[in-house]
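Reviewing the structure listed below.
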Amino acid sequence: MSSMACRRRIFLKICQNPSFCSTQCYASRSFTTETCNSPETNTDGAQKHQYNYTGRRYVSKMYQNLGNIYPESSKLVCQSHKLFLYANIIQQCHVGGYNLLPLGQRVQDKLVKIIDQELERIGCQKMSMTTLAPAKFWKKTGRWDAMGNELFRLTDRKRIEFCLGPTHEEVITNILATGPLLSYKRLPMKMYQITRKFRDENSPKYGFLRSREFDMKDLYTFDASLEEATETYHTVCTAYKQILDRLGLDYDIVTGSTGNIGGSISHEFQIRADIGEDTIHVCKKCGFGANAETTEAKNKICSENPCELSVSSSIEVGHSFLLGTKYSEHFAAKCINKDANKNLYQMGCYGLGVSRIMQACVEVLSTEKKIVWPQLLAPYQFCIIPLESKRECLSIAESLSDELNKRSGLSGEVVIDDRDKKVTFRLFGAKAIGYPYIITVKDKALQDNAEFEVINTRNDDSTFMTLDQIMDMASTIQTV
Ligand SMILES: [Zn+2]
């Protein structure tokens, strides 16, 4: 009868009618204890539970944990790429093209939320532009030729040429150029989109680190003067830092080359990783940093001596450019300045590789067979694993899931791995996916003083906790 006592103990927390629960709650998976303090009566007179909450997520019904074999190192050298394939985060569709599977989509949605929050905080507005960008815009700026083979080009039935936009300076400048004249009082204008981008990479590799199709955040700013545009530039760079800080990543901000985008000032946001294809030089003494492609990377002096440069491989996750009038002059995009004259917009453009950040995080935080996500990006915060051989353990797991789901910020953040497999097997899979917390429901959860094993996957710490302790711990978890 120890299991009965345990059930009551758990449901006492949840339900004001424990005697009712102890006979009913684990009779069926569709039951929930959510509202059982006011049991209703069926037409046949029997009491029933109201069924309000339907958010339980069972791994046995989800597209994940599909029994993938860990890809051997001889084929793939990039750890995050292997982990993404192994844990069903992505699936390769064609060379350089990946489908984002449900777990991956959840991670990306969370990253997008963080980006939206930080950009909205500095007054940016979200929008979305056409993926098909008219060749005539790109010809105006000369980039139709300058981009070479990286541009995906296509022709419609009327023989009009387009490209699949890898970046949208032309399209957005045309919006401002063809819209009403704006006064300086309305500026800066800051508009961004998070959309699919295309680049015909010569040698796509490493999953989203170098793919041909990916999600990117691109922001464009418009000011009336260069001073104001410079101020806007710094504001956006501060928001970028905030985004990367919230992910808990170590990153370097280095002087970047302006490449085919152009402009006068450019910074790259780089995450050091051996697999990275960029090389950055960072001075240990003065903090100066530059991409190896730039002239600044050579001959930099600090305190009258050459800088002590350390050279690292890194992954570029963000890039900012102060463009000046490079695009506005081609489109004659003008605003009205303080002197009531028309002048060309001073522009800035700012990219963040959304797909790439997701993978770069995993590349630097994870171990060989175990994903570690930044806490805010984990696809789910909790995975509950009940002992497969005891039916009561599943019921307790379900109640625990319901309780966690009721916590603010944790709604939808819990999965129950109810597969009929050994706990150790399911634990292995849960660690590979990288849920921050795994809770096992075993014999100790059936005792009078019920305890659950809680594993913090970041450091592999395992502790036994009571329901109260789990709820206290859960209340400290941050989500987006
Ligand atoms: Zn230095």
Alpha-carbon centroid distance for the pair the stretch 220-259 / the stretch 96-148, whole angstrom: 17
When you count, for each residue, the other Cβ atoms within 10 Å and take the mean per peptide, how do 78-91, 226-239, 188-201 rank with the highest first? 78-91, 188-201, 226-239
Roughly how tilted is helix 2-14, in degrees to the nearest 10 and between 0 and 90, from the longest Cα axis of the chain? 50
Calculated on alpha-carbon atoms, Rg and Dmax of the stretch 188-294 in Å: 15.3, 42
Charge tally in the Cβ shell below 9 Å around His81, where Lys, Arg are +1 and Asp, Glu are -1, His81 excluded: +1
Zone reached by a paramagnetic label modelled 7 Å from Asp461 Cα along Cα→Cβ, restricted to the stretch 363-386 with backbone N below 16 Å, covers 375
If the chain between Gln117 and Ser60 were fully stretched, how many nm would it gain, using 0.36 nm times the residue separation less the Cα-Cα distance? 17.1 nm
In straight Cα distance, which aspartates and glutamates are under 12 Å from Lys334, not counting same-chain residues fewer than 8 positions off? Asp223
What the Cα atoms of the stretch 79-365 span along the principal axes, largest first and in whole Å, is 61, 56, 35
FRET efficiency (Arg391, Thr476; Cβ distance; R0 30 Å; to 0.05) is 0.40
On the formula 1/(1 + (r/R0)^6), with r taken between the Cβ atoms of Gln125 and Ser408 and R0 of 35 Å, the FRET efficiency rounded to 0.05 is 0.80
Interchain or sequence-distant (5+) residues whose placed amide H lies within less than 5 Å of the amide H of Ser183 are Ile336
Filtered hits (lysines, Cα-Cα < 16 Å from Lys285, offset >= 8 within chain) -> Lys298, Lys300
Lysines within cross-link reach of Lys158: Cα-Cα under 23 Å, excluding same-chain residues under 8 positions apart? Lys136, Lys139, Lys140
Taking Cα atoms of the chain, Rg/Rh with Kirkwood Rh, to two decimals? 1.07
Listed highest first by mean packing, meaning other Cβ atoms within 10 Å per residue, what order do 378-388, 140-150 come in? 378-388, 140-150
Per 5 Å bin from zero, what fraction in whole % of the C-alpha pairs of the stretch 68-173 is there, up to the bin with the longest pair? 2, 10, 13, 13, 13, 15, 16, 11, 5, 1, 0
Charge dipole of the stretch 79-365 about the Cα centre (unit charges at C-beta), most positive-ward option of Ser183, Ala239, Ser203: Ser183
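Values in this text are rule-based calculations from the coordinates and carry no lab data. Since this is a predicted model, take the numbers as computed values, not measurements. Cβ atoms come from the backbone with ideal geometry, glycine included; neighbour counts cover every protein chain shown.
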